[in-house]
Every structure is written in C-alpha cells, then in structure tokens.
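The values are calculated or read from the model by the stated rules, or taken from the named source; none is laboratory data. This structure is a prediction, so every number in the text was calculated from the model and none was measured. Surface areas here come from the heavy atoms of the whole protein model, side chains and all, with no ligands, DNA or RNA. Shrake-Rupley method; radii C 1.70, N 1.55, O 1.52, S 1.80 Å.
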Amino acid sequence: MLIAAGVILLAPAVLILLMRWVNPPVSAYMVRTHFQAEQSSDGPTIFYRWADLDSIAACMPLAAVSAEDQTFPEHHGFVWKAIGDALVDNAEGGTIRGASTISQQTAKNLFLWPAKSYVRKGIEAYLTVWIEVLWPKRRIIEVYLNIAQFDDRVFGVGAAADRLFGVSASQLSAGQCARLAAVLPNPVKYSAASPGPYVQGQSAWILRQMRQLGNGYLAPIIEK
C-alpha cells in the first residue's frame, strides 16, 4: 500500500521532469476541448502549434506576466497574499482575479480539469511545487505560452498568432501581444482578433504595465 501510494505521488514528478526537455504534445484542456468539439466540428477540433521561446516575440511573455502574474520572476509558485485575499473574497461570496500564478495556471492547464473545488486546487498546488522545483522559470513561461488557450479551440501562441493575426509568433506586435494576454481569463468569450470594449480596455492597461515593467524585466529568467 505504501509503495503504491509512493508511486502515485512521485509519478507526476517523473512526468514533469521529463517535460523539462520534452515538449508536451497535448494538455488536459486540449483533450477536454477536443471531445467537446468532436460532435459539432467538421474540421480540426483544436489548433495547436508549439513555438520555442526564442521564436516568440519578446512582448508576449512580458504581456502575459504583466496581465497575469507580475511577481512571476520572484515567487516560488504561489503568491500567498493573493491566495489569502481570494479565500476571504470567496467567503464573502465574491470573486477575485489574479490569485493563481502562471506556475499554477501551467499546472492546471497541463494536467487538470477546469472545475472549481478545493480538491482540484490541492492537486494543482502539489503539481505546482514540482514544476517550480524541476523547471527553470524560462521553461515555465515557455510551456505556459504554448498550452494557454487564446481563442475557441486555439491553443498556444504559435497557433494563435497564425490564426488570429496571420503572422508567426516572432512577428507579433506589442499591441497584438497585449490583446492575446487580455483574453486569457476567458478566451471563448473574448476575442483578440475582434476585440470588444473589455479587451480594448484591458489590452491598453496591459500595454501600460509592460512599459512600466520594461523590456528587460524578464531578461534574467529568459536569457539563456
């Protein structure tokens, strides 16, 4: 029994360690979207194209960090104040955005399901610890940008740049990067290609944050 429990606990660590060098061919969210779209789609159920970090415009990781997790270079997977604020807010019946770090979102998108529960959050936290221990920050942001959903059935910045803007990931402009980051909370509801008032306002805010952080903000963790 103890051996079986040990195998179950360590199996994710082995897989995460392997993914430090091997690009994930699919994510849990992609699989879920595939089966949801399979009955209604007459074309590909998902669009996914891996892009190495060196072939992604520098504005994209900066936009994602500006929008989702500005303490990404410093934290070790969790921002405890944000988690505490989220717990208080939930207890009062409200919602709060920004409690999950990019590391946590990577764990969730890669391995888990979207339902909100403390059980899932506990598993997410366990996976996040291993991701932070076994991957450098450069790898975390690379995987995150490649498995994040940016539009209905569109996963990864490589596929998003091509399908939404008709360019490669390396050719994305700062404005396009900001718009992609702006839709991350709900890429099915919001469109980076045809932005409505929310995306326009949010992308303008993200651009201001990008300028304040500066182009060199992520250099210590991204440069090889």
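Taking all protein chains together and a 1.4 Å probe, the residues Trp205, Trp135, Trp113, Trp50 rank Trp113, Trp205, Trp50, Trp135 from largest to smallest accessible area. Phi-derived couplings, Karplus 6.51 cos²θ - 1.76 cosθ + 1.60 at θ = phi - 60°, listed residue by residue for region 198-214: 4, 5, 4, x, 5, 5, 5, 5, 4, 4, 5, 5, 4, 5, 5, 5, x Hz, with x used for Gly and Pro. Per residue, the accessible area of region 107-224 comes to 45 Å² when a 1.4 Å probe rolls over the protein heavy atoms.
Sort Tyr126, Tyr217, Tyr144 by accessible area with a 1.4 Å probe, largest first. All intermediate terms of the calculation are to be shown ahead of the outcome.
Values: Tyr126 80, Tyr217 55, Tyr144 5 Å².
Result, largest first: Tyr126, Tyr217, Tyr144.
Measuring only protein heavy atoms, the 1.4 Å probe finds Glu223 accessible over about 130 Å². Along region 155-162 the Karplus relation, 6.51 cos²θ - 1.76 cosθ + 1.60 evaluated at θ = phi - 60°, assigns HN-Hα couplings of 10, x, 5, x, 5, 5, 4, 5 Hz to successive residues, with x for each Gly and Pro.
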